[in-house]
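The values are calculated or read from the model by the stated rules, or taken from the named source; none is laboratory data. As the structure is a prediction and not an experimental result, all values here were calculated from the model. Here the Cβ is made from the backbone with ideal geometry for all residues, glycine too, and neighbour counts use every protein chain on show.
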Amino acid sequence: MKLLVLNGPNLNLLGTREPDVYGHETLDDVESGLRSAFPDVDFSFRQENGEGALIDHLHTAHRRELNGVVFNPGGYTHTSVALRDAVASIDVPVVEVHLSNVHAREDFRRTSRIAPVCIGQISGLGTRGYHLAVRYFLKRNE
Ligand code: DQA
């Protein structure tokens, strides 16, 4: 099974970025945790700060016929029509993941432009959310 784990803006700073909100694990820790938990999954990991580059990765997932995308769009979650359109344009299922509970924070974080075109959203479970999304795709592809 081939999965893309795609992270958006500022997630490259995980570990040092607002650790009280996002924890102490780095993005490399997330990657190595997923690789060791799911050795049989063929993962690609990408992080981009720019919207266009994230869109390009979603288009590539479509062309490469991946089984799924685990997507943390970061701050673009709440603003980006273009990313929503990219997710809606591909036939690869996407699960939106957030480390923090976006529904328990500022009002502007309660709305996701992207979740309505995803399979579902996992929010507030920290890095475990990525693992649960992968488990979902494994079950879905049984
Ligand atoms: C986030 C939540 C977003 O609101 C925020 O802008 C982020 C991280 C999360 O993983 O909790 O950058 O996506």
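One table, with the values for the structure above:
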quantity	calculated
Of all residues making up segment 13-26, the number that are within 11 Å of the ligand (Cβ to nearest atom) and buried (at least 16 other Cβ atoms within 10 Å of the Cβ)	3
Selection from segment 94-121 of residues that are over 16 Å from residue 21 (Cα atoms) and crowded, with 17+ Cβ neighbours inside 10 Å	94, 95, 96, 112, 113, 114, 115, 117, 118, 121
Selection count, segment 102-124, where residues are touching a Gly at 6+ places or on another chain (Cβ under 8 Å) and over 27 Å from residue 61 (Cα atoms)	2
All positions within segment 29-41 that are of a type in the set (Asp, Glu), under 18 Å from the mean Cα position of the chain (by Cα) and either surrounded by fewer than 12 Cβ atoms within 10 Å (Cβ to Cβ) or within 28 Å of residue 106 (Cβ to Cβ) (or both)	29
Cross-chain or 6+ apart pairs with Cβ under 7 Å, segment 63-79 first and under 14 Å from residue 41 (Cβ atoms), then at pLDDT 95 or above and among the hydroxyl-bearing types (Ser, Thr, Tyr)	70/130
